[in-house]
Amino acid sequence: MKHLRSRPALAMCGRRSQLGQSMVEFIIIAPLLLFFCLAIVQFALLYQAKSTLDVAVLEAAREGAVTNGSMRDMQAGLARGLMPLYARNTSTDGVETAGKLAELASINASLITIVNPTPEAISAFAVQRRYPESGLTYTEIPNDSLMYRDPHPAAGTVNIQDANLLKIRVHYCYPMYVPLANKVIYYASNLIGRPAQNGIFSDIPSTNGFGNPQHPDRQCNIYLQDGVETGRYPIGLESEVMVRMQSPFRPAAAANGKAPS
């Protein structure tokens with residue numbers, strides 16, 4: 001009888017033991033599960049940012065194609081394309097704020113590089129042309145009557161049709177703001193080893209302030225302390241696009257971009 005009566009107690013003790021084991025397992029797995037959830041959210045935002053950047057770069061190239069390759073106008077086109085990343089509401093003030101933030105990002109957090117026309121193509125095809133209506137003379141690659149122009153004025157250069165293709169590359173520093181995941185991705189993308197004395201969860205920057213990156217993105221690199229204060233760690237995103245020039249390409253216009261503030 002005593003043996004039979006002890007069975008419920010043994011069963012209850014077994015259930016408590018299993019409950020305790022499950023609790024320990026949950027405590028172990030919960031931080032990893034939380035991190036993976038945060039990482040998924042951050043990577044989804046990165047995908048959205050890359051898609052937005054692709055459209056913004058196309059907008060910038062189209063703007064440059066009709067404005068003689070003007071860097072200032074390409075920066076303006078890029079800013080318009082980046083506005084969705086900074087829009088928080090659809091009110092007039094929200095749109096205005098997004099426009100200002102995107103404009104700053106197009107100047108301070110982005111680098112537009114003109115891949116084509118190359119310096120060799122400019123040297124081979126650029127001519128001086130005077131415009132009587134304005135009385136101004138510009139050095140430019142002709143954009144009219146291309147089929148009647150000499151396609152190969154110098155050995156080793158592209159033809160004049162290819163010289164009228166505008167190809168740009170944009171390197172954009174996207175601020176990641178999902179907690180923990182942003183810091184881990186920032187460290188991993190820069191190949192940072194031993195970022196601080198207390199490891200990756202520490203808020204203390206290393207001696208050189210950059211976390212000793214082995215493969216740094218120098219344009220997007222920030223001091224770790226800045227990331228701690230703002231909660232935003234940048235990662236470099238790149239996009240390229242090529243369009244046909246709709247106006248003569250002018251080297252002077254390509255050099256008139258706004259300087260970072």
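Of everything in the range 10-48 that is more than 30 Å from Pro175 (Cβ to Cβ) and among the polar types (S, T, N, Q), the residue that is modelled with the highest pLDDT is Ser22.
Can you say whether Asp54 is acidic (Asp, Glu), assigned to a helix (DSSP H, G or I) and touching a strand residue (DSSP E or B) at 6+ places or on another chain (Cβ under 7 Å), as far as the supplied structure shows? Yes.
When the range 53-75 is filtered for residues that are surrounded by fewer than 18 Cβ atoms within 10 Å (Cβ to Cβ), touching a Ser or Thr at 6+ places or on another chain (Cβ under 8 Å) and not acidic (Asp, Glu), only Val66 remains. Screening Lys183 on (1) surrounded by fewer than 14 Cβ atoms within 10 Å (Cβ to Cβ); (2) modelled with pLDDT under 90 shows it passes everything except condition (1). If the condition is being out of contact with any helix residue (DSSP H, G or I) (no Cβ under 9 Å at 6 or more places or on another chain) and within 20 Å of Ile235 (Cα to Cα), then the range 81-108 contributes only Asn108. Residues that are of a type outside the set (S, T, N, Q), touching a Lys or Arg at 6+ places or on another chain (Cβ under 6 Å), within 25 Å of Leu46 (Cβ to Cβ) and modelled with pLDDT of 75 or more are absent from the range 137-146.
Taking residues in the range 128-149 that are assigned by TED's automatic domain parsing to the domain that holds Ala253 and closer than 25 Å to Asp162 by Cβ, and partners anywhere that are at pLDDT below 90 and of a type in the set (D, E, K, R), the pairs with Cβ atoms closer than 8 Å and at least 6 places apart or on different chains are Pro142/Arg149. The residues of the range 231-245 that are part of a loop (DSSP other than H, G, I, E, B) and farther than 16 Å from Gly64 by Cα, listed by number, are Gly231, Arg232. Within the range 79-100, not a single residue is under 16 Å from Ile114 (Cβ atoms) and in the same structural domain as Val243 (by TED's automatic domain parsing). Within this structure, Val41 fails the test of being under 30 Å from Ser110 (Cβ atoms), assigned to a helix (DSSP H, G or I) and within 14 Å of the chain's Cα centre (by Cα).
Exactly one residue out of Ser202, Ser189 is surrounded by 18 or more Cβ atoms within 10 Å (Cβ to Cβ), among the polar types (S, T, N, Q) and at pLDDT below 90: that is Ser189. Evaluate the following for Ile114: is it surrounded by 10 or more Cβ atoms within 10 Å (Cβ to Cβ) and at pLDDT 95 or above? For Ile114, the condition - surrounded by 10 or more Cβ atoms within 10 Å (Cβ to Cβ) and at pLDDT 95 or above - is met.
Among residues of the range 154-183 that are free of Cβ contacts under 8 Å to residues at least 12 places away in the same chain, none has a Cβ under 6 angstrom from a residue that is of a type in the set (Asp, Glu) and part of a strand (DSSP E or B) at a sequence gap of 6+ or on a separate chain.
The values are calculated or read from the model by the stated rules, or taken from the named source; none is laboratory data. On a predicted model such as this, the values are computed, not experimentally measured, just so you know. Counting neighbours? That spans all protein chains shown, and the Cβs are built from the backbone with ideal geometry, glycine included.
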